[in-house]
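Before any comments, here is the structure.
The values are calculated or read from the model by the stated rules, or taken from the named source; none is laboratory data. Not measured: the values here are computed from a predicted model. Heads up, the Cβs are rebuilt from the backbone with ideal geometry, glycines too, and the neighbour counts pull from every protein chain shown.
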Amino acid sequence: MNLAVLLALASGATWAIGMTVAKPALRHIDLPSYMLGRWLLVAPLALAYAAITGSLGFPGVYAVGMAALAGALDSAVGGFFYLLAMERTPAYQASTLASTAPVWGVTTAILLLGEPARWQVLAAALLAVVGAFLLVGRRVRIRDHALGSAFGLLTGFVWGFAETIPAKLALDAGLSPVSLLFVFACSGFVTIAAALPLLRSRYPRRIDRTGAGLTLLSAVGGAFLGWFFWLSALDRAPASIVSPIRGSTLVFALVYSILFLRERPHRIALLGVALVLGGVLLVSTTA
């Protein structure tokens, strides 16, 4: 299997750590502090790794600007839309609609980056989204929660776009994956910090040792490693090829929830797993 595909799968496995940890973490820490803390921890980790490996470098304003745009859109704008979706619709529905990101990633890569519209890639993106809906094991009622559903779809679009277009443009402009992650984390932290006064009235500060520990786990396992693997994959293959593999995040999150949270998945979730893995296999034939 192509190295880019394996790296993208690794990003799904580590991103799922953050997705799984978030549920218990938010019982011990308020959401703005959780979001802010993750990127505050990721930035020095990325800087240290880049310094140790000698891969820290900033080739130009354009590359840095694209990396900063990706960070602001994905962590702050996408995170804010996801928060609004979670408030207005059931959590499973918000996460499912946000998981349409692979479709938007493939679509924008084809339209804006000029990548070829391979049928395998389009089919893989569709399988990833359908699989995400089945993984939830519940019916998504968009009409019953129209506004929340709209925010969920907006989250998927913003995440799919940010993880694909500005990130790929920054890499193509000469920014290394770890340098991009450093700029990304700094941009995300600054953008969230700027919005903090608007959020504090609704989410007062609340944190204990458990919340701090789970935030650290989410930052290292979910954000730092997840994004490092993702950007390394994106640096090695067209964006439209690696985007469908993002759907594997929900598969790994399902496995973690069974192993560590003792949750019982719906039987139809197994079909969802099969569809997502089928999409990964399709993509691996074109990578």
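Overview of results
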read-out	value
Restricting segment 186-216 to residues that are among the hydroxyl-bearing types (Ser, Thr, Tyr), in contact with a helix residue (DSSP H, G or I) (Cβ under 6 Å, 6 or more places away or on another chain) and part of a helix (DSSP H, G or I), the residue that is farthest from Leu83 (Cα to Cα)	Ser187
Options Ser257, Ser187: the member that is within 27 Å of Ala124 (Cα to Cα), among the small types (Gly, Ala, Ser) and within 18 Å of the chain's Cα centre (by Cα)	Ser257
Given (1) more than 19 Å from Thr14 (Cβ to Cβ); (2) in a helix (DSSP H, G or I), index of the condition Arg264 fails	(2)
Filtered residue count, segment 30-55, keeping only those that are over 20 Å from Gly78 (Cα atoms) and not aromatic (Phe, Trp, Tyr)	11
Of all residues in segment 185-237 being among the basic types (Lys, Arg) and under 18 Å from Leu26 (Cβ atoms), the one that is surrounded by the fewest Cβ atoms within 10 Å (Cβ to Cβ)	Arg209
Close pairs from segment 225-237: first within 10 Å of Thr14 (Cα to Cα) and in a helix (DSSP H, G or I), partner β-branched (Val, Ile, Thr) and at pLDDT below 95, Cβ under 6 Å, at least 6 apart	Leu225/Thr14; Gly226/Thr14
Residues within segment 16-41 that are under 13 Å from Leu217 (Cβ atoms) and not polar (S, T, N, Q), tallied	15
Residue match in segment 160-171 (condition: surrounded by fewer than 22 Cβ atoms within 10 Å (Cβ to Cβ) and either touching a residue at least 60 places away in the same chain (Cβ under 8 Å) or aliphatic (A, V, I, L, M) (or both))	yes
Pairs, first farther than 14 Å from Leu199 by Cα and assigned to a helix (DSSP H, G or I) in segment 62-90, second modelled with pLDDT of 95 or more and polar (S, T, N, Q), C-beta under 6 Å, six or more apart	Ala68/Ser187; Gly71/Ser187; Ala72/Ser187
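A quick yes/no check of all residues on (1) at pLDDT 85 or above; (2) in contact with an Asp or Glu (Cβ under 7 Å, 6 or more places away or on another chain); (3) surrounded by 20 or more Cβ atoms within 10 Å (Cβ to Cβ):
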{"position": "Ala63", "(1), (2), (3)": "yes, no, yes"}
{"position": "Ser75", "(1), (2), (3)": "yes, no, yes"}
{"position": "Leu83", "(1), (2), (3)": "no, no, no"}
{"position": "Tyr92", "(1), (2), (3)": "no, no, no"}
{"position": "Thr96", "(1), (2), (3)": "no, no, yes"}
{"position": "Ser99", "(1), (2), (3)": "no, no, yes"}
{"position": "Trp104", "(1), (2), (3)": "yes, no, yes"}
{"position": "Thr108", "(1), (2), (3)": "yes, no, yes"}
{"position": "Leu112", "(1), (2), (3)": "yes, no, no"}
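Residue-by-condition table, conditions (1) within 22 Å of Ala46 (Cα to Cα); (2) at pLDDT 85 or above; (3) of a type in the set (S, T, N, Q):
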site	(1), (2), (3)
Arg138	no, no, no
Glu163	yes, yes, no
Thr191	yes, yes, yes
Leu196	no, yes, no
Val220	yes, yes, no
